Amino acid sequence: MTDPVDQTAKAHVIPAVVASDADASVAKAPDLVVVHDLTKVFDISPPLLNRVIEGQGRVELKAVDGVSFSIPKGQTFSLVGESGCGKSTVARLLVGLYAPSAGRIVFDQTDMAAPRSRSEDKALRARMQMIFQDPYASLNPRWRVRDIIAEPILAFGLVESDGLEDRVGALLTQVGLSPADGEKFPHEFSGGQRQRISIARALAGEPEFLVCDEPTSALDVSVQAQILNLMKDLQKRFGLTFLFISHNLAVVDHISDTIGVMYLGRLCEVASRDAMFQRPRHPYTRLLLDTIPDLDMTGRERSPVAGEVPNPINPPTGCAFHPRCPFADDRCKQERPELKPDPVDGAQIACHAFEEGRLPSSNGDQTT
Ligand SMILES: Nc1ncnc2c1ncn2[C@@H]1O[C@H](COP(=O)(O)OP(=O)(O)OP(=O)(O)O)[C@@H](O)[C@H]1O
Ligand code: SF4
Ligand SMILES: [Mg+2]
């Protein structure tokens with residue numbers, strides 16, 4: 001007899017063709033993750049009583065607005081952009097901590113919004129894990145490290161109880177700690193070691209997809225490099241797929257296959273790592289590169305990006321970047337640019353000036 005749960009899952013399998021409009025430039029391996037027109041609107045209205053007394057309407061904030069990208073298996077897609085542009089909201093949508101307001105997330109050809117049994121949902125969610133910026137806040141301070149790491153193993157029933165100790169020890173070893181460290185509490189470790197524990201815990205559920213939200217931002221520069229190297233090693237060893245989030249282009253440079261630059265909830269450029277650094281096209285990408293020159297991770301403070309990020313509750317008309325853009329014209333103020341592929345390499349750019357060929361190239365020539 002056919003399993004009804006299995007049938008439900010199959011009915012919602014999405015054909016791989018969905019990926020084709022997300023990123024044609026780099027998708028060589030099959031896509032593990034496809035995000036299509038993802039949107040998240042937060043209702044930030046004051047309480048009903050205030051609204052009635054003060055005659056106010058509802059207030060909405062579009063944190064993520066029509067974002068599409070795909071991540072081939074075993075690769076890293078990075079999201080960069082200034083604070084408040086919606087990076088963490090995308091991360092939380094992907095792992096199911098928020099429900100999308102619109103759009104679709106497809107994981108291994110399965111629509112995440114499709115109805116499925118609780119056990120099947122648990123199994124699907126186990127295949128993706130999240131690593132946060134602050135390892136101390138994400139580790140229970142009252143638990144020994146061995147129990148913190150064992151929790152997902154037990155929750156997903158991944159090993160028999162007599163194999164638990166060995167499995168926890170192996171995970172600690174994989175992240176550069178020792179099995180004996182399992183007896184300690186999180187406060188007995190440095191920041192970098194705590195992030196290693198977070199990684200071990202994330203790996204304990206045997207995920208295929210890791211969503212890493214600024215995992216090294218709270219660490220010293222030398223420790224950042226060690227954690228990034230560890231993550232790259234683990235990726236290679238286990239064939240992991242990463243969504244990596246950082247405001248720091250230096251960090252993204254070291255780990256990415258493809259980079260998406262976000263501005264006020266939207267992607268404004270998506271390109272391979274090499275293209276993004278060697279041939280940045282969107283004026284905002286260029287601004288980020290110009291003002292964050294610390295590509296060698298020297299520890300130098302980044303310069304602030306000139307101009308203010310507009311209020312997402314009341315975003316500018318047309319291109320949201322136009323109040324800060326030296327190339328803005330009337331069209332930019334009225335018409336929102338959509339991501340369009342550059343025929344040269346398939347990178348995607350949302351910019352009227354680029355499309356019109358009136359943007360100087362990154363080496364100073366005019367684009368064609
Ligand atoms: N739960 C929430 N309720 C209401 N607004 C939210 C919520 N979470 C995020 N926002 C708003 O959505 C926008 C995007 O926030 P998000 O945290 O995704 O940005 P970010 O790019 O991760 O920023 P940062 O670099 O500071 O972490 C911001 O304007 C933020 O204030
Ligand atoms: S669309 Fe216009 S305002 Fe927006 S980045 Fe391009 S040139 Fe600047
Ligand atoms: Mg964030």
Per residue, what volume in Å³ does the Cα convex hull of the chain take up? 173
Starting from the 7 Å offset along Cα-to-Cβ, what nm value, one decimal, do you get for the label separation of Asp220 and Lys232? 2.1
Return Asp65, Asp37, Asp108 ranked ascending by Cβ neighbour count within 10 Å, so the fewest neighbours appear first. Asp37, Asp108, Asp65
Coarse-grained scattering of region 237-283 at q = 0.24 Å⁻¹, given as base-10 log I(q)/I(0) from a Debye sum over alpha-carbon atoms: -0.94
What are the equivalent ellipsoid semi-axes of region 76-228, built from the alpha-carbon gyration tensor (square roots of five times its eigenvalues), in whole angstrom, biggest first? 27, 22, 12
Give the calculated FRET efficiency between Glu206 and Glu60 to the nearest 0.05, with a Förster radius of 41 Å applied to their Cβ-Cβ distance. 0.60
Simple label model, 7 Å out from Cα along Cβ direction - Phe185 to Ala102, nm: 4.9
Could you list, in their original order, any pairs among Lys40/Lys184; Lys73/Lys122; Lys232/Lys333; Lys87/Lys184 whose Cα atoms are separated by more than 31 Å? Lys40/Lys184; Lys232/Lys333; Lys87/Lys184
Along each principal axis, Cα extent of region 120-198, largest first, Å: 37, 29, 22
So, by mean Cβ neighbours within 10 angstrom, what's the order for 255-262, 156-163 with the highest one leading? 255-262, 156-163
Full-extension gain between Gln278 and Tyr136, please, as 0.36 nm times their residue separation minus the C-alpha to C-alpha distance. 47.5 nm
Quick calc, Arg358 & Glu335: beta-carbon distance into FRET formula, R0 22 Å, rounding 0.05, result 0.90
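Taking the Cα centre of the chain as origin and charging only Cβ (+1 Lys, Arg; -1 Asp, Glu), how large is the dipole, in debye to the nearest 20?
360
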What distance in nm lies between label points placed 7 Å from Cα along the C-beta direction at Ile44 and Thr317? 2.3
Could you give the size of the charge dipole of region 94-244 about its Cα centre, using +1 on the Cβ of each K and R and -1 on the Cβ of each D and E, expressed in debye and rounded to the nearest 20? 200
Restricting to bridges with both residues inside the chain, how much of the DSSP beta-bridge set is antiparallel, in percent to the nearest 5? 65
Over all directions, how big on average is the projection of the convex hull of the alpha-carbon atoms in region 179-257, in square nanometres? 5.5
What shape does region 208-252 take by its C-alpha gyration tensor, where a ≥ b ≥ c are the square roots of the eigenvalues and a/c under 1.5 counts as rounded, a/b above b/c as prolate, and the rest as oblate? oblate
Suppose every K and R has +1 on its Cβ and every D and E has -1 on its Cβ; what is the size of the dipole of region 43-87 about the Cα centre, in Debye to the nearest 20? 180
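Most exposed first by the Cβ proxy, i.e. fewest other Cβ within 10 Å, how do Glu183, Glu165, Glu82 rank?
Final ranking by Cβ density, sparse to dense: Glu183, Glu165, Glu82.
Order by neighbour count: Glu208, Glu335, Glu151, fewest other Cβ atoms within 10 Å first, most last.
Ranked by crowding around the Cβ, least crowded first: Glu335, Glu151, Glu208.
Just so you know, all these numbers are worked out from the coordinates, no wet-lab data involved. Note that the coordinates shown come from a computational prediction; the quantities given were computed from them, not determined experimentally. Every residue, glycine as well, gets a Cβ built from its backbone with ideal geometry; the counts of neighbours run over all protein chains shown.
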